[in-house]
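Heads up, the thing below is written out as structure tokens.
The values are calculated or read from the model by the stated rules, or taken from the named source; none is laboratory data. Only a predicted model underlies this, so the values are computations on that prediction, with no experimental measurement involved. Backbone-built Cβ (ideal geometry, glycine too); neighbour counts: all protein chains shown. Only protein heavy atoms, including side chains, enter the accessible area calculation; ligands, DNA and RNA are left aside. Shrake-Rupley method; radii C 1.70, N 1.55, O 1.52, S 1.80 Å.
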Amino acid sequence: MGEDSADAVRVTFLPRQGDFMSGSRSSRGGAMHRAIELAGMAGYRTAPNPMVGAVVVRDGDVVGEGFHQRAGGPHAEVVALEQAGERALGADLYVTLEPCPTTGRTGPCTERILAAGVRRVHAALLDPNPRVNGQGVARLREAGVEVVVGEAAAEARDLIRFYSTWVTTGRPYVTLKLATSLDGKVATAGGESRWITGRVARRAAHQLRSDHDSVMVGVGTVLADDPSLTARHRPDSRQPIRVVVDSHLRTPPSARVLTQTSGRTWIATLDQHPGPLEGAELIPLPAHEGRVSLEALLDELGRRQVTSLLVEGGPTVAGEVAARRLANRVVVFIAPLVLGGSQALSAIGGKGARTLSEAWRLRWARVDAVGSDLLLEAEV
């Protein structure tokens, strides 16, 4: 089997997915981890809602389980309780996020839990949403339901990192993705960049696109590479919103980002360029040093309920994101190639740090092999 076989993928950006099962499975100790597994089956299709899983356990047996599949659909607790039916009476409910006490597109989950007669609720996390935080737990406790908070909290927190950032800051969670040679180059001195990384790494990069609500590049990448910016690792891939930072509207009408039939394209441009461009919605924004303000763009994306943004731009956009400390994590695919040359493009452009004390310091989160390449992930 070749090194770039799909079987060589050893990186999973989503929680590991299992089959949706019900019936007489144990156990009390594994119920929360099963709930986390269920939550991950949503594949981030719940945005702007968080991914949530739930399991109902009675007398040591799983009698109901479910997960939130899409915004506007039934919440995980409701799905699990409906599956459990009368067996929910006196049972334990394991849920990856605090049940909501508010009415949105669906009714409050706390009232469904009380109506079902659940004896005890195990919530991995409190909801970070200021409108909910702690209120769901308080409602259940006031009604006499025992509530335990904190089991598998770290795993549950990873599930909702996009949602958590959005509801607490008003901006999407930003992932800066790079694909480089071993010496940090993204193109040769002659401008050749396809392909530095192998097929398996590119497939993993498409999974990253599908995980995020939106993917962003600068107009320089559109002009140089004419990317589609679609997720193509599976036929049913969720397509991110394509965002192009184009201060002076240089995107050509023939660009692939404008001719794609799947997904939407938004072009962030300066206020003085409000004219139409077929195939895209223009987002006029204020300037920062003569270019679109990325802070203003993130604020606008947040207002549009975009909870996550994957930045795939070239050195200019990557340099701006790094200089302004706008990313929550950096994901780098590194190929075992050395391009060399002072004229070869580096992954991060801009002025860069003048001293080590000015460097953008991150924390290692993950190292993995992806086919013939290496994946490094660091968090802010």
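Quick check on my filter: what residues within segment 154-168 are free of Cβ contacts under 8 Å to residues at least 12 places away in the same chain and buried (at least 17 other Cβ atoms within 10 Å of the Cβ)?
Looking only at segment 154-168, we keep the residues that are free of Cβ contacts under 8 Å to residues at least 12 places away in the same chain, and these are 154.
Correct list: empty.
Going residue by residue through segment 231-245, is there one that turns out to be modelled with pLDDT of 90 or more, within 22 Å of residue 71 (Cα to Cα) and among the acidic types (Asp, Glu)?
Scanning segment 231-245 turns up no residue that is modelled with pLDDT of 90 or more, within 22 Å of residue 71 (Cα to Cα) and among the acidic types (Asp, Glu).
Of the residues 255, 204, 187, which is over 30 Å from residue 49 (Cβ atoms), crowded, with 21+ Cβ neighbours inside 10 Å, of a type in the set (Gly, Ala, Ser) and modelled with pLDDT of 90 or more? Walk me through it before giving the result.
Details: 204 fails: over 30 Å from residue 49 (Cβ atoms); 187 fails: modelled with pLDDT of 90 or more.
255 is the lone residue from the list that is over 30 Å from residue 49 (Cβ atoms), crowded, with 21+ Cβ neighbours inside 10 Å, of a type in the set (Gly, Ala, Ser) and modelled with pLDDT of 90 or more.
Only one residue in 78, 63, 121 is closer than 14 Å to residue 49 by Cβ and in contact with a helix residue (DSSP H, G or I) (Cβ under 7 Å, 6 or more places away or on another chain). Which one?
Values: 63 fails: closer than 14 Å to residue 49 by Cβ; 121 fails: closer than 14 Å to residue 49 by Cβ.
Exactly one residue qualifies, and that residue is 78.
Within segment 169-184, which residues are open to solvent by 30 Å² or more (accessible area, probe 1.4 Å), part of a loop (DSSP other than H, G, I, E, B) and out of contact with any Asp or Glu (no Cβ under 9 Å at 6 or more places or on another chain)?
Selection gives 182, 183.
Could you list all residues from segment 33-57 that are among the small types (Gly, Ala, Ser) and either open to solvent by 20 Å² or more (accessible area, probe 1.4 Å) or more than 17 Å from residue 92 (Cα to Cα) (or both)? Spell out how you get there, then give the answer.
Step one: of segment 33-57, the residues among the small types (Gly, Ala, Ser) are 35, 39-40, 42-43, 47, 53-54.
Answer for segment 33-57, where residues must be among the small types (Gly, Ala, Ser) and either open to solvent by 20 Å² or more (accessible area, probe 1.4 Å) or more than 17 Å from residue 92 (Cα to Cα) (or both): 39, 40, 42, 43, 47.
Could you figure out which of (1) more than 29 Å from residue 240 (Cα to Cα); (2) open to solvent by less than 30 Å² (accessible area, probe 1.4 Å); (3) part of a strand (DSSP E or B) isn't true of residue 148?
Residue 148 satisfies all of (1) more than 29 Å from residue 240 (Cα to Cα); (2) open to solvent by less than 30 Å² (accessible area, probe 1.4 Å); (3) part of a strand (DSSP E or B) except (2).
In segment 68-77, how many are open to solvent by 20 Å² or more (accessible area, probe 1.4 Å), out of contact with any Asp or Glu (no Cβ under 9 Å at 6 or more places or on another chain) and closer than 20 Å to residue 124 by Cβ?
2
Do any strands (runs of 3 or more DSSP E) lying entirely in segment 316-380 carry at least 1 residues that are without any contact (Cβ under 8 Å) to a residue 40 or more places away in the chain and open to solvent by less than 60 Å² (accessible area, probe 1.4 Å), and which ones are they? Break it down into steps so the answer makes sense when it comes.
Details: elements: 329-334, 363-370, 373-379.
Counting at least 1 such residues, we get 363-370.
Would you mind finding the one in 57, 52, 79 that is modelled with pLDDT of 95 or more and over 26 Å from residue 239 (Cβ atoms)? I'd like the intermediate steps shown before the answer.
Details: 52 fails: over 26 Å from residue 239 (Cβ atoms); 79 fails: over 26 Å from residue 239 (Cβ atoms).
Being modelled with pLDDT of 95 or more and over 26 Å from residue 239 (Cβ atoms) holds for just one of 57, 52, 79, which is 57.
Okay, residues lined up against (1) crowded, with 19+ Cβ neighbours inside 10 Å; (2) without any contact (Cβ under 8 Å) to a residue 12 or more places away in the chain; (3) more than 23 Å from residue 170 (Cα to Cα):
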position	(1), (2), (3)
88	yes, no, yes
92	yes, no, yes
96	yes, no, no
102	no, no, no
106	no, no, no
110	yes, no, yes
116	yes, no, yes
139	yes, no, yes
144	no, yes, yes
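List the pairs whose first member sits in segment 175-203 and is closer than 13 Å to residue 348 by Cβ, whose second member is outside any helix (DSSP H, G or I) and among the charged types (D, E, K, R), and whose Cβ atoms are under 6 Å apart, counting only residues at least 6 apart or on separate chains?
Within 6 Å, the pairs are 177/312.
Answer yes if at least one residue in segment 245-265 is closer than 23 Å to residue 332 by Cα and either touching a residue at least 24 places away in the same chain (Cβ under 8 Å) or touching a Phe, Trp or Tyr at 6+ places or on another chain (Cβ under 7 Å) (or both), and no otherwise. Full working, then the answer.
To start, the set of residues in segment 245-265 that are closer than 23 Å to residue 332 by Cα comprises 245.
So of that shortlist, the ones also either touching a residue at least 24 places away in the same chain (Cβ under 8 Å) or touching a Phe, Trp or Tyr at 6+ places or on another chain (Cβ under 7 Å) (or both) come out as 245.
Yes, that holds for at least one residue.
Can you give me the number of residues within segment 190-201 that are open to solvent by 30 Å² or more (accessible area, probe 1.4 Å) and part of a helix (DSSP H, G or I)?
First, pick out the residues of segment 190-201 that are open to solvent by 30 Å² or more (accessible area, probe 1.4 Å): 190-195, 199.
If we keep only those that are part of a helix (DSSP H, G or I) as well, we get 199.
Number satisfying all stated conditions: 1.
Within segment 213-254, track down each residue that is among the aliphatic types (A, V, I, L, M) and either touching a Gly at 6+ places or on another chain (Cβ under 6 Å) or in a helix (DSSP H, G or I) (or both). Walk me through it before giving the result.
In the first step, residues of segment 213-254 are kept if they are among the aliphatic types (A, V, I, L, M); the result is 215-217, 219, 222-224, 229, 231, 241, 243-245, 249.
217, 219, 222, 223, 224, 245 - these are the residues of segment 213-254 that are among the aliphatic types (A, V, I, L, M) and either touching a Gly at 6+ places or on another chain (Cβ under 6 Å) or in a helix (DSSP H, G or I) (or both).
Quick check on residue 245: is it crowded, with 17+ Cβ neighbours inside 10 Å and under 18 Å from residue 266 (Cα atoms)?
yes
Take the residues in segment 273-314 that are assigned to a strand (DSSP E or B), open to solvent by 10 Å² or more (accessible area, probe 1.4 Å) and more than 20 Å from residue 327 (Cα to Cα); name whichever of them is modelled with the lowest pLDDT.
Step by step, filter segment 273-314, then rank; the result is 277.
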